[in-house]
1. Give me P(r) over the range 133-198, computed from all C-alpha to C-alpha distances, binned every 5 Å, as integer percentages.
2. Along the positive direction of the dipole of the chain (beta-carbon charges: Lys, Arg +1; Asp, Glu -1; about the Cα centre), which of Phe152, Ala84, Tyr368 reaches farthest?
3. Would you calculate the separation in nanometres between label points at Thr229 and His244, each defined as 7 Å from the Cα along the Cα-to-beta-carbon direction?
4. Nearest 20 debye, what's the magnitude of the dipole of the range 56-138 about its Cα centre given +1 on Lys and Arg Cβ and -1 on Asp and Glu Cβ?
5. Could you tell me what fraction of 2.2 N^0.38 Å the Cα radius of gyration of the chain comes to, as a two-decimal ratio?
6. Between Thr371 and Ala36, what FRET efficiency comes out of the Förster formula 1/(1 + (r/R0)^6) with R0 = 35 Å and r the beta carbon distance, rounded to 0.05?
7. Explain nothing, just the number: relative contact order of the range 119-391, from Cα pairs under 8 Å at least 6 residues apart, as a whole percent.
8. Can you list the equivalent-ellipsoid semi-axes of the range 254-395, largest first and in whole Å, using the square root of 5 times each Cα gyration tensor eigenvalue?
Amino acid sequence: MAVTHDLAPRAAQPSPQRTIGLIGLTLALGYLIVLAGTYLQGDFLIDRLGRPIANDFVNVWAAGRLALDGQPAAAYDWTVHKAAEVRALGHDFAAYYGWHYPPPALFFAMALATLPYLVAMLGWLAATLAVYALTIGRILGGRFGVLFGLGFPAGIWNITAGQNGFLTAALIGGTLGFLERQPVLAGFCLGLLTYKPQFGLLFPLALIADRRWLTLAVAAVVAIALAATSWLAFGSAAWEAFVHWLPITSRVVLGEGAASWFRLQSVLGLIRAHGGSETLAWTAQIILTLTLAAGIVVLWRSRAAFEIKAAALAAATLLATPYLYMYDLPTLGVAVAFLLRLALRNGFSTIETAALAAAGALILIYPYVETHVGFAAASIVMAVVVRRACTAPAT
């Protein structure tokens, strides 16, 4: 009986790193095609009349322009700020994009307002995307991580909104990425994150639970220094205006849903969008936030792998705040990056891979479904983290 041998060489199986990089590159190229097509149709950057399109970036540029003109406090006045937005674009528009950030954020707004509007927006998005992708690359430890960061699904919605989600995610990723070996840099990143304080709620709890005193101290010093510098630069009037308008903004956005409950990607937005009362929505949000806070303290006091702790904190940061939009979801890429780093070391689970793919798909379909896919995606990632925490051995 003749025995035959298959002499054809077997195709080499791609490594997980290569697969992750290829997926990221494919998605990033897809986003470029979508953005190019949208631009040619007059629905991105400029309209069919050649005029800049209003999006969230106009509030940054207008606030910076007012500060450069010696009126930093006016950035918080809705009427004056809206007029500055109209001047920035050169035409009126129906919506209003409010400036709700504390006065230290006026520093980067002023820098951007020294540039022409579209140049400033493109430069802002390109620079913050680069920092975000490099942060993800550092977490994952290779060029494939940079490609993963470029392709993470939430990125395209931050770009179309002209928002700061890349910067927020880079600061959160920097805090967690530097924490183990460079605690001073971690504290510096966390201190800068105070420009968007709703995302810093859980970090002090985690740092105290894990006794990261140096990082906590540096973050406090940086935050105080930023506040003091902004007070010297803009005077007390800017801080008074911020404090005055903050509860008004909260009432309009979180109480009345002026920006649409369906856009608000929190459990509060979910309940309100589907007919729940304000009391029920706030009760659910508070219970969720307190549960996450307790879970973070327990986890960060445990001997769980650092990747699990970091992924939990990044995902919980999103779920714990009632004020969450799709453009904030690049931070979910930080959580996924830490999960992938752990999986590259300990192996991939089929159910976890499917769950993470589902979370990414939910983010991608955001414009086409009127429901809270961002909240669902963050919840799925958190469920994967909890599963890992319950099954992975302590380090």
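Just so you know, all these numbers are worked out from the coordinates, no wet-lab data involved. A quick note: this is a predicted structure, and the numbers were derived from the prediction, not measured. Heads up, the Cβs are rebuilt from the backbone with ideal geometry, glycines too, and the neighbour counts pull from every protein chain shown.
1. 4, 19, 23, 23, 19, 10, 2, 0
2. Value computed over the given set: Phe152.
3. A separation of 2.7 nm, rounded to one decimal place.
4. So the dipole magnitude of the range 56-138 works out to roughly 200 debye.
5. 1.04
6. Result of the calculation: an efficiency of 0.80.
7. Taking the mean separation of contacting Cα pairs over the length of the range 119-391, I get 22 percent.
8. One finds semi-axes of 28, 18, 10 Å for the range 254-395.
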